[in-house]
2 protein chains.
Amino acid sequence: MALIVQKYGGTSVGSPDRIKNVARRVAKFKALGNQVVVVVSAMSGETNRLVALAHEIQKHPDPRELDVIISTGEQVTIGLLSMALKEHGVKAKSYTGAQVKILTDSAHTKARIVSIDEQNIMGDLEKDCVVVVAGFQGVDEHGNITTLGRGGSDTTGVAIAAALRADECQIYTDVDGVYTTDPRVVPEARRLKSITFEEMLEMSSMGSKVLQLRSVEFAGKYKVKLRVLSSFEEEGEGTLITVEDNDKMEQAIISGIAFNRDEAKITVMGVPDKPGIAYQILGPVSDANIDVDIIIQNVGEDGATDFSFTVHRNEYAKAMDILKSKVQPHIGAREVIGDSRAAKVSVVGVGMRSHVGIASKMFRTLAEEGINIQMISTSEIKISVVIDEKYLELAVRVLHKAFGLDQEEA
Amino acid sequence: MALIVQKYGGTSVGSPDRIKNVARRVAKFKALGNQVVVVVSAMSGETNRLVALAHEIQKHPDPRELDVIISTGEQVTIGLLSMALKEHGVKAKSYTGAQVKILTDSAHTKARIVSIDEQNIMGDLEKDCVVVVAGFQGVDEHGNITTLGRGGSDTTGVAIAAALRADECQIYTDVDGVYTTDPRVVPEARRLKSITFEEMLEMSSMGSKVLQLRSVEFAGKYKVKLRVLSSFEEEGEGTLITVEDNDKMEQAIISGIAFNRDEAKITVMGVPDKPGIAYQILGPVSDANIDVDIIIQNVGEDGATDFSFTVHRNEYAKAMDILKSKVQPHIGAREVIGDSRAAKVSVVGVGMRSHVGIASKMFRTLAEEGINIQMISTSEIKISVVIDEKYLELAVRVLHKAFGLDQEEA
């Protein structure tokens, strides 16, 4: 007998029929002898409806009251799913965040979980009940209803799994797992049987948005076995997201190719090479709420250096304007140049830590296709390059093949 | 400075604009120096929407889970109204039933209030806050969410007023008070400045459905000053519902004329006059879930009597069928006769206790118009007669005039 936490998102519970489907799946799982806790989101569209209602009253809704309102979305789902389980002859009981209780700080609309009281849930599981918990919500020490922010249901699932020391936390989504890269770009892309938390974090931030980043960090921290599965397919093992596994490290060096299309590249040339210069360049950009991704500064010559970074393409014009009008004259840089048609490609894998030659293999592969590398940035488990956007698909395909990602896992 | 509890129903908070209206009214009241607690229902239509959703999952929804679902309706309203109050620069804070906490028994969907913890609310009132409480809901001793049944928001308002020892509980509805009779039948009908709880109970049960019966009983029991007002009119004092007032008794003998249109009258004739016969007649009717209103049994002659009662017109055929097929042969009654076009008219007033002649005045007034009385039933503060439906409006009009109800109150 295993204790499993399953989390179903808004699309999976988007209608009474879909809720019945989830109930059937949970009932099957329970019949196999498992203890099951189900965490659910609001029915798709419901949170948006409630937020819109709040905005009809206040342009900037009061955060405490907004939480009171939007937390009702999940509360409706837990009731409906519990009913649907009873229709299958399964004992079921719903819990709001406050009923659990999932204690959070008081940062309304983006609260963080402080602790989870697992006693009531454990008591019901021992009585052979399926426990249905409202995701996304909690309660602060004063009894105020809080929410964890969009996507917070994933975090609820992981946090409950951690508190209950569950054998596994299964996140059901509309994809059936994590892939070596986007199958729309590389048809040979393969579902990974497993991936480490760190790799997942690098893949997520690159746009493979399967899970909330925060829930992945949480799972890593509390060593929760996390699995991504499709809520629309009956079979399939999904992708297991694990803490680092030394055995595996020896085998798969690279887990996937991540990429990001809509990048723009900006270089401030002839920057005086002195302390504080990075802040003088990026400060005004950040003040304008423009997110900066890769940042590169080379060693300079003759007391001057070139400073490059990437921004989202939508913010390219705004960033260029700030740099030319405010930064360049102020710091006495020679020139500001940019390119709004850049793309980022990354190879990700914990294995690269102990394997030399990954970078050179990546660069050689791209060179053989005549793809010029404009910027390079590396982390412990990732190498990213910025290239001309027109080569993006080609680069992803050749790298996917070069690192053997189209081969079945051992 | 007075402490006032105001209750607004679903129609009054049926849209964001109407919620803003309520907020404006509450803000005005607060600005006069009052402490205000507002109790609200779900936005009109919302409870029905949620119940329908539950019925899509279960034909007979699980009561505990149904409460989890339908209690969200009021939860949304308290958040929205609190926001709207803040827009008026008024400090406001919302409370669910559980947050108050309104402790109830565990009879889901029809729970009864056991106690109310007034400490949190009092604390907020002292901080100059308007407190907005979700009507209709509570929490049992195990932390389960409960609801009080339809119309329970009135009861929440009265119970909170009792717990806080409020100076007044104001129930805002779509009528501006309690009338001497239905103004659609008698244009001269007058809004009563006050009415006693007992009279109100008699008026309510007769179809003048302004307030939930239960909340009136509750207010009477805990001596809460209850006032019915219109939520759509800015001015107006509504009708005060009071505990019995000896001064008033000497003046107004009759407070109003209540009536009920859709009655049907059934008489079982030639019933053997022996113990248990009433049960043998009404048992099968009640087993078929048919509500019986007036019941009359006259003293019999020659060991036989006639037994009459009224039912709702929709159930007349069903009741007649049961009586003819099951009851009549079983008890050996002579005949079952009935009339589906009956109506009931009542004069109501605490004053009649100490004044003789009310009944004779009523009967004479009807006789003068040639209206035949088919049945008579009396209670301490009410005399009801059953008449042919076609005379209903005429009877109400002449009685209204005969008892001086069209005259201004002293």
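Values for this structure:
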read-out	value
Filter pass, B:Tyr279 being part of a helix (DSSP H, G or I) and over 25 Å from the mean Cα position of the chain (by Cα)	yes
Test result for A:Gly123, within 21 Å of A:Asp62 (Cα to Cα) and not β-branched (Val, Ile, Thr)	no
Residue satisfying all of: in the stretch B:7-25; within 14 Å of another protein chain (Cβ to nearest Cβ) and closer than 26 Å to B:Ile116 by Cβ; nearest to the chain's Cα centre (by Cα) among these	B:Val13
Residue list for the stretch B:76-92, filter: free of Cβ contacts under 8 Å to residues at least 60 places away in the same chain and crowded, with 24+ Cβ neighbours inside 10 Å	B:Val76, B:Ile78, B:Gly79, B:Ser82, B:Met83, B:Ala92
Test result for A:Asp167, surrounded by fewer than 22 Cβ atoms within 10 Å (Cβ to Cβ), more than 13 Å from A:Glu74 (Cβ to Cβ) and under 16 Å from the mean Cα position of the chain (by Cα)	no
Meets criteria (surrounded by 17 or more Cβ atoms within 10 Å (Cβ to Cβ) and within 19 Å of A:Leu282 (Cβ to Cβ)) for A:Val398	no
Hits in the stretch A:139-185 (condition: hydroxyl-bearing (Ser, Thr, Tyr) and within 14 Å of chain B (Cβ to nearest Cβ))	A:Thr146, A:Thr147
Top-ranked residue of the stretch A:332-362 - restricted to ones that are aliphatic (A, V, I, L, M) and surrounded by fewer than 18 Cβ atoms within 10 Å (Cβ to Cβ), ranked as modelled with the lowest pLDDT	A:Val356
Filtered residue count, the stretch B:368-410, keeping only those that are farther than 24 Å from B:Gln297 by Cβ and part of a helix (DSSP H, G or I)	14
Only one of A:Gly143, A:Gly149 that is closer than 18 Å to A:Leu66 by Cα, modelled with pLDDT of 95 or more and either part of a loop (DSSP other than H, G, I, E, B) or not assigned by TED's automatic domain parsing to the domain that holds A:Ile69 (or both)	A:Gly143
Members of the stretch A:122-162 that are under 20 Å from A:Lys30 (Cβ atoms) and either among the acidic types (Asp, Glu) or surrounded by fewer than 24 Cβ atoms within 10 Å (Cβ to Cβ) (or both)	A:Met122, A:Gly123, A:Asp124, A:Leu125, A:Glu126, A:Lys127, A:Asp128, A:Cys129
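The values are calculated or read from the model by the stated rules, or taken from the named source; none is laboratory data. This is a predicted model, so every value here is computed, not measured. In this analysis, Cβ positions are derived from the backbone assuming ideal geometry, glycine residues included, and neighbour counts consider all displayed protein chains.
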